[in-house]
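Structure, as structure tokens:
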Amino acid sequence: MRKNDEEAVTPQPTVVLRGVQVFQGWLDRADQLAMLAQIRDVVQVAPLVQPVTPSGRKMSVQMTSAGKLGWITDRGGYRYETTHPNGTTWPEIPSTVRAVWDAVSGSSRGPDSCLINLYREAAKMGLHQDRNEADFSYPVVSISLGDDGLFRIGNMTRGGTTEKIWLKSGDVVVMGGDARLIFHGIDKTRLGSSTLLSGGGRLNLTMRVVT
Ligand SMILES: O=C(O)CCC(=O)C(=O)O
Ligand SMILES: [Mn+2]
């Protein structure tokens, strides 16, 4: 079911993999361009940075955030902070991004945070759980823009078999309920598969309730 179907009460995902809901083609090209323009404004204020893990390993993605809290990682650990590493208060979550949360999260509470990941060239993200939040009864909602990304889904604990699905520009993923703490990651992106980002690559916007 698409976002423009006004009658829709509860939108239905096009694919469900191990409890992870995927709403394929949720945003059309015009929606994606409008969202991208708002993300550009966020990045002007809160520039993308290439973070390091607590062990000091450089991550391959570039990151920034919007919302009351932003997720960061550095030598001090994985955590949420009220300001960008440069000291700026995080910009508000853009209205087009927030609208996706309102449509698919099934949550009466809004997100505290929108993490913005930029995958360029060989950037990827290893299998992990999203678990720096206080209450796992709220879902995680994430939006893909730009190049295709190969999303891998594992289990509730590390190890075991995995499944994968290509996420395309405009797709929305919801990890909630029993799938809230599922292991997931991005194996790779398909460079040049989308013309949305002028510099190429893939953007992922991940909204979470934090406190
Ligand atoms: O890029 C994606 O689709 C997933 C990003 C992610 O899992 C995260 O930032 O925690
Ligand atoms: Mn994650």
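A simple count of charges around ASP187, restricted to other residues whose Cβ falls under 9 Å of its Cβ and scoring Lys, Arg +1 and Asp, Glu -1, yields +4.
The lysines within cross-link reach of LYS58, meaning a Cα-to-Cα straight distance under 28 Å and a gap of 8 or more places when in the same chain, are LYS68, LYS124, LYS164, LYS168, LYS188. Remark on SER169: its backbone amide H falls under 5 Å from those of GLY146, a criterion applied only to residues 5 or more positions apart or on other chains, H modelled at 1.01 Å from N. Sites count as exposed loop sites when they are GluC sites (Glu not before Pro), lie in a DSSP loop, and have at most 12 other Cβ atoms within 10 angstrom; the longest stretch of the chain without one is 8-120.
When the chain is treated as a Gaussian network with alpha carbon springs shorter than 10 Å, the biggest mean-square fluctuation among ASP147, ASP135, ASP171 belongs to ASP135. By the helix-only formula, in which each DSSP H run with n ≥ 4 contributes -39500 (n - 2.57) and the sum is divided by residues, the chain has a 222 nm mean residue ellipticity of -4000 deg cm²/dmol.
A short reminder: the numbers here are calculations on the coordinates, not readings from a lab. What you see is a predicted model; the values in this text were computed from it and never measured. Glycine gets a Cβ as well: all are built from the backbone with ideal geometry, and neighbour counts include every protein chain shown.
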